[in-house]
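Note sheet for the following structure.
The values are calculated or read from the model by the stated rules, or taken from the named source; none is laboratory data. This structure is a prediction, so every number in the text was calculated from the model and none was measured. Here the Cβ positions follow ideal geometry from the backbone for every residue, glycine too, while neighbour counts run over all protein chains shown. Protein only, heavy atoms only, side chains kept; ligands, DNA and RNA dropped before computing areas. Shrake-Rupley method; radii C 1.70, N 1.55, O 1.52, S 1.80 Å.
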Amino acid sequence: MANDNTTHWADILKRRLANSTSKGKRSEDEKKAEETELFTKYYSEWKVGGNKDSSYKNIPRFYYRLPAEDEVLLQKLREESRAVFLQRKSRELLDNEELQNLWFLLDKHQVPPMSGEEAMISYEAYLKVGEKAGPKCKQFFTARVYGKLLHSDPYGRISIMQFFNYVMRKVWLHQTRIGLSLYDVAGQGYLRESDLENYILELIPTLPQLDGLEKSFYSFYVCTAVRKFFFFLDPLRTGKIKIQDILACSFLDDLLELRDEELSKESQESNWFSAPSALRVYGQYLNLDKDHNGMLSKEELSRYGTATLTSVFLDRVYQECLTYDGEMDYKTYLDFVLALENRKEPAALQYIFKLLDMEDQGYLNVFSLNYFFRAIQEQMKIHGQEVVSFQDVKDEIFDMVKPKDPYKITLQDLVNSCQGDTVTSILIDLNGFWTYENREVLVANDNDSNSALDLDDP
């Protein structure tokens, strides 16, 4: 019986093998015919709908073409619909009266004991306030918001003031976003240079700290303010900035800080958008422009700051930056100033790195460093200083940066090292190199001065 079964399975396997072998010996014409048949079958099913799910017939529209320039009616319709949408969003925000009512409710439901001088509120009381505050406040009274503001209170409470500041900040962000969106002509969530210029120009009358500016200076002020936004927020120079990026950075806070009528002199001097700062930058530009043609030549720019920038570096500035008949306009000058005054920032390092990377290789090698440092050595000779060996400086630079590749320094290496400002100063500015070279003496002098002041105190 066992032998019969074995024979039976052997016959089946032989037949299967024979069939598979015969199929494998099909001619090319037979294969193509089968392929055509299958394609025709499945294509016909697809064309008439086949067994598709009914939801396939209702795919929602996900692309809306922007109106062309000659489609005036469509453009007007788009503008009006966006204006209505923004007005509706604005009405959803808390007004001053509603914010005062919220503060009153929070204060009424505070839960003792106080934490220092801070009034606190428990989660149960927090939910009660949320129910009484009205529908506009509903988004703020969630477990997630409470959890964000919960720190180390032993009773599991949050600070009423911190929560109220959180609400105020959210309302301000939404108000500002709506305000910026009104200038978004394209309606795509970004502002072009002209859009931001219009926004700042119309903002000037609302900033008391700018009351002293003459109207003839407005255009220069607007240009000065706008350049900071575009220098830092548009590193690829696309000519537009996302509104989200404007809201996320601190520049808008600095600009709107000028609403404070009692802003200190120190705060004004450190704020790029203040009147003293804008007048300082524009005044420097006019002082450098010796021939009064409204542009700066390389020779005129060489007197910038302490007049110790190397000629090799200035050559690279005029090779890479936008110039008109070999001279620099005010807008290009602003980029130059922003880069040199903010050398710790990645955007500024990117600007300077591009100038140092002469062959556009994406890195600095020993040849690049030597090329720029030679100009520093020449200036040291002119000023009668002892020339420092390039080998020593090169080793110090590589030790500071610690690049991934021991023979190449990339922009990312400079940023990661947090020494980019020092390295660039060593290579482009004699005064910067002198400060680095004598850093220990300068620190000792500062310590001596502080000690003397301490002794003078009664």
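Taking the criterion of being touching a strand residue (DSSP E or B) at 6+ places or on another chain (Cβ under 7 Å) and assigned to a helix (DSSP H, G or I), the residues of the stretch 136-162 that qualify are TYR146, LEU149, ILE160, MET161.
When you check ARG144 against the structure, is it basic (Lys, Arg), out of contact with any Phe, Trp or Tyr (no Cβ under 8 Å at 6 or more places or on another chain) and within 27 Å of TYR221 (Cα to Cα), yes or no?
For ARG144, the condition - basic (Lys, Arg), out of contact with any Phe, Trp or Tyr (no Cβ under 8 Å at 6 or more places or on another chain) and within 27 Å of TYR221 (Cα to Cα) - is not met.
Just wondering, is there one or more residues in the stretch 195-207 that are touching a residue at least 24 places away in the same chain (Cβ under 8 Å), closer than 30 Å to ILE352 by Cα and either part of a loop (DSSP other than H, G, I, E, B) or within 18 Å of the chain's Cα centre (by Cα) (or both)? There is at least one residue in the stretch 195-207 that is touching a residue at least 24 places away in the same chain (Cβ under 8 Å), closer than 30 Å to ILE352 by Cα and either part of a loop (DSSP other than H, G, I, E, B) or within 18 Å of the chain's Cα centre (by Cα) (or both). Consider TYR126 carefully, then state whether it is under 30 Å from LEU74 (Cβ atoms), among the aromatic types (Phe, Trp, Tyr) and surrounded by 17 or more Cβ atoms within 10 Å (Cβ to Cβ). It is false that TYR126 is under 30 Å from LEU74 (Cβ atoms), among the aromatic types (Phe, Trp, Tyr) and surrounded by 17 or more Cβ atoms within 10 Å (Cβ to Cβ).
Could you check the stretch 211-322 for helices (runs of 4 or more DSSP H) lying wholly inside it with 3 or more residues that are closer than 22 Å to LEU180 by Cα, at pLDDT below 95 and more than 29 Å from the chain's Cα centre (by Cα)?
Numbers: elements: 218-233, 243-248, 251-256, 265-270, 275-288, 298-301, 311-320.
It comes to none.
Let me confirm something: among ASP399, ASP405, ASP413, ASP395, which residue is open to solvent by less than 30 Å² (accessible area, probe 1.4 Å), over 22 Å from SER311 (Cβ atoms) and either of a type in the set (Asp, Glu) or not in a loop (DSSP other than H, G, I, E, B) (or both)? So that I can check it myself, show each step before the final result.
On the way: ASP399 fails: open to solvent by less than 30 Å² (accessible area, probe 1.4 Å); ASP405 fails: open to solvent by less than 30 Å² (accessible area, probe 1.4 Å); ASP395 fails: open to solvent by less than 30 Å² (accessible area, probe 1.4 Å).
Among ASP399, ASP405, ASP413, ASP395, only ASP413 is open to solvent by less than 30 Å² (accessible area, probe 1.4 Å), over 22 Å from SER311 (Cβ atoms) and either of a type in the set (Asp, Glu) or not in a loop (DSSP other than H, G, I, E, B) (or both).
Residues in the stretch 220-252 that are basic (Lys, Arg) and either touching a strand residue (DSSP E or B) at 6+ places or on another chain (Cβ under 8 Å) or crowded, with 17+ Cβ neighbours inside 10 Å (or both): ARG227, LYS228, LYS240, LYS242. Look at the stretch 344-358: where a residue is modelled with pLDDT of 95 or more and a partner is hydrophobic (A, V, I, L, M, F, W, C) and not in a helix (DSSP H, G or I), sitting 6+ places away or on another chain with Cβ atoms under 6 Å, you get LEU356/LEU364. The residues on offer are LYS344, LYS394, and the sole one that is within 24 Å of ARG280 (Cβ to Cβ) and in contact with a helix residue (DSSP H, G or I) (Cβ under 7 Å, 6 or more places away or on another chain) is LYS344.
Which one is surrounded by the fewest Cβ atoms within 10 Å (Cβ to Cβ) among residues in the stretch 148-185 that are among the basic types (Lys, Arg) and without any contact (Cβ under 8 Å) to a residue 60 or more places away in the chain?
Looking only at the stretch 148-185, we keep the residues that are among the basic types (Lys, Arg), and these are 148, 157, 169-170, 177.
From what is left, the residues that are without any contact (Cβ under 8 Å) to a residue 60 or more places away in the chain are 148, 157, 169-170.
Working: LYS148: 13, ARG157: 24, ARG169: 10, LYS170: 15.
Once the filter is applied, the top-ranked residue is ARG169.
Can you tell me which residues in the stretch 363-387 are aliphatic (A, V, I, L, M) and loosely packed, with under 15 Cβ neighbours inside 10 Å? Residues satisfying the conditions are ILE382, VAL387.
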